[in-house]
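No lab work stands behind these numbers, since they all come straight from the coordinates. None of the values given here were measured: they were computed from a predicted structure. Note that each Cβ is placed from the backbone with ideal geometry, even for glycine, and that neighbours are counted across all protein chains shown.
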Amino acid sequence: MPGLATDVIWRSRLKRIESQVEDIRLPPADHGVDQDQEWCDVILGQEQRRVRFHDYASVFRIPGLYEKLFYDNLECCSPSYISNLLDDVVREYGDNPEEFRVLDVGAGNGMMGDELQALGIESIVGIDIIPEAKAATDRDRPNVYDDYRVTDLTDLPETEEERLRRADANCLTTVAALGFGDIPPLAFAKALDLIATPGWLAFNLKEDFIREQDTSGFSRLIRRLNRDGYIQTLCYRRYQHRLSVASKPLHYVAVVARKLIDLGHELMEDLEAEAMAHQAGNAGAPSYTS
Ligand SMILES: C[S@@+](CC[C@H](N)C(=O)[O-])C[C@H]1O[C@@H](n2cnc3c(N)ncnc32)[C@H](O)[C@@H]1O
């Protein structure tokens with residue numbers, strides 16, 4: 001387990017979850033599945049159910065499956081790694097994480113919220129796009145978030161936006177939720193727009209999505225945010241996020257940064273145009289260059 005990661009919080013939480021999972025059977029190591037297609041067979045009493053890892057609604061419906069599959073079997077460590085890294089960087093900078101009001105985007109069943117709460121964070125608001133994530137949080141981690149919204153940041157209703165702005169967040173976290181058809185660059189930028197300036201952000205991303213050749217739009221967006229002074233990256237660290245079903249390490253990059261200036265219309269409009277081009281199957285034609 002990498003130095004910054006700990007398994008204390010999720011293990012003690014798992015003990016309190018009434019899990020029906022008796023066994024998890026992974027495909028043979030030579031199966032050759034891509035990360036986005038990984039699956040397992042879950043044994044629940046007499047029933048055996050095949051679940052694709054990225055079908056989060058199905059995963060969250062089964063109490064304890066997310067924790068046992070990703071954390072116990074596949075040694076995922078990202079929520080503790082990123083919250084501890086954030087704590088370290090913020091304290092070294094001279095700020096106090098206990099004064100943070102966090103917006104945790106792609107909150108899932110609340111594992112990042114659990115880690116943040118243990119840091120003594122003042123308040124945490126979760127956002128996810130699927131109701132099953134909120135239902136799992138209410139079921140398994142009912143006292144972690146001050147508010148938890150099921151909403152789409154790429155098409156945020158006005159009332160939701162007002163409510164989220166009232167939370168007055170000064171820190172954005174998003175863990176294991178960017179890329180792979182999950183949170184797109186436009187939604188990430190919208191989340192960044194919702195937090196105060198100056199503010200903090202901490203996120204992780206598969207290392208492929210941060211390379212120059214990346215076509216998801218994240219590497220371009222992050223370069224532009226840094227280059228144009230919207231954010232200042234204070235820490236950029238490669239680490240092992242988890243193992244693949246074939247027991248190969250999956251490396252991600254953890255980023256801790258400060259938000260320095262408001263995002264502004266031009267950037268958001270560029271991202272909206274890029275998202276529309278992407279939807280129209282024209283992802284190769286970004287509306288801005290870097
Ligand atoms: C792998 S889970 C990560 C959950 C949690 N952050 C953690 O580290 O355990 C990814 C989460 O991102 C959510 N997600 C995917 N697309 C999203 C979007 N566009 N907006 C908000 N959440 C999204 C999924 O529903 C899922 O709950």
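Neighbour counts of other Cβ atoms within 10 Å put Thr173, Thr151, Thr159 in the fewest-to-most order Thr159, Thr151, Thr173. Between Trp39 and Phe53, the built amide H atoms are under 5 Å apart, and every one of these is 5 or more places off in sequence or on another chain. Remark: spin-label model distance His265-Glu18 equals 5.5 nm, labels positioned 7 Å along the Cα→Cβ axis. Positive contributions from Lys and Arg (+1) and negative ones from Asp and Glu (-1), summed over other residues with Cβ under 9 Å from the Cβ of Tyr252, come out at +2. Take 202-213, 237-248 and order them by the average number of nearby Cβ atoms within 10 Å per residue, most first; the result is 202-213, 237-248. Electrostatic bookkeeping for Arg242 treats Lys and Arg as +1 and Asp and Glu as -1; over the other residues with beta carbon under 12 Å from its beta carbon, the sum is -1.
Applied to region 69-85, the Karplus parametrisation 6.51 cos²θ - 1.76 cosθ + 1.60 on θ = phi - 60° returns per-residue 3J(HN,Hα) values of 6, 7, 8, 6, 6, 10, 6, 5, 9, 4, x, 6, 4, 6, 5, 5, 5 Hz, with x for Gly and Pro. Think of the chain as having a plus end and a minus end, set by charges on the Cβ of Lys, Arg, Asp and Glu; of Met112, Gln35, Pro142, Gln35 sits farthest toward the positive end of this dipole.
Fewest-first ordering of His31, His265 by other beta carbons within 10 Å of each residue's beta carbon gives His265, His31.
Comparing Val105, Val125, Val33 in a Gaussian network model of the chain, where Cα atoms under 10 Å apart are tied by springs, the biggest mean-square fluctuation is seen for Val33. Angle of helix 185-194 to the longest C-alpha principal axis of the chain, folded into 0 to 90 degrees and rounded to 10: 70°.
One equal scatterer on each Cα of region 1-110, no solvent, Debye formula: the resulting log10 I(q)/I(0) at q = 0.17 Å⁻¹ is -0.93. Distance between the C-alpha centres of region 1-34 and region 43-121: 12 Å, rounded to the whole angstrom.
Between Ala176, Ala29, Ala118, the residue with the greatest mean-square fluctuation in the GNM of the chain (Cα pairs under 10 Å linked by springs) is Ala29. Rounded to the nearest 20, the size of the Cβ-charge dipole of region 78-280 about its Cα centre is 760 debye, with Lys and Arg at +1 and Asp and Glu at -1.
With 22 Å as the limit on Cα-Cα distance, the pairs of Lys190/Lys248; Lys134/Lys206; Lys15/Lys134 that go past it are Lys190/Lys248; Lys134/Lys206. Close amide-amide hydrogen proximity is noted between Cys76 and Tyr71, Leu243, each under 5 Å apart and 5 or more residues distant or on a separate chain (H modeled in the peptide plane; Pro and chain starts excluded). Each residue, Ala277 and Asp36, gets one label point 7 Å from its Cα in the Cβ direction; the gap between the two is 1.9 nm. Comparing Ile9, Tyr71, His54 along the charge dipole axis of region 8-73, the residue lying farthest to the positive side is Ile9, per the Cβ-charge model.
Ala177 sits among other residues whose Cβ lies under 13 Å from its own Cβ, and their net charge, with Lys and Arg +1 and Asp and Glu -1, is -2. For Leu172, the residues 5 or more places off, or on other chains, whose built amide H falls under 5 Å of its own are Leu103, Trp200, Leu201, Ala202. Using θ = phi - 60° in the Karplus curve 6.51 cos²θ - 1.76 cosθ + 1.60, the 3J(HN,Hα) couplings for region 16-32 round to 8, 9, 7, 8, 9, 6, 8, 7, 10, 10, 8, x, x, 4, 8, 5, x Hz; x is entered for Gly and Pro.
The alpha-carbon atoms of region 78-280 define a convex hull whose volume equals 127 cubic angstrom per residue. Each of Asp193, Asp128, Asp88 has some number of other Cβ atoms within 10 Å of its Cβ, and from fewest to most they run Asp88, Asp193, Asp128. Here region 95-157 is treated with +1 on each Lys and Arg Cβ and -1 on each Asp and Glu Cβ, and its dipole about the Cα centre works out to around 200 debye.
The magnitude of the dipole of region 8-73, with charges of +1 and -1 set on the Cβ of Lys/Arg and Asp/Glu and taken from the Cα centre, is near 380 debye.
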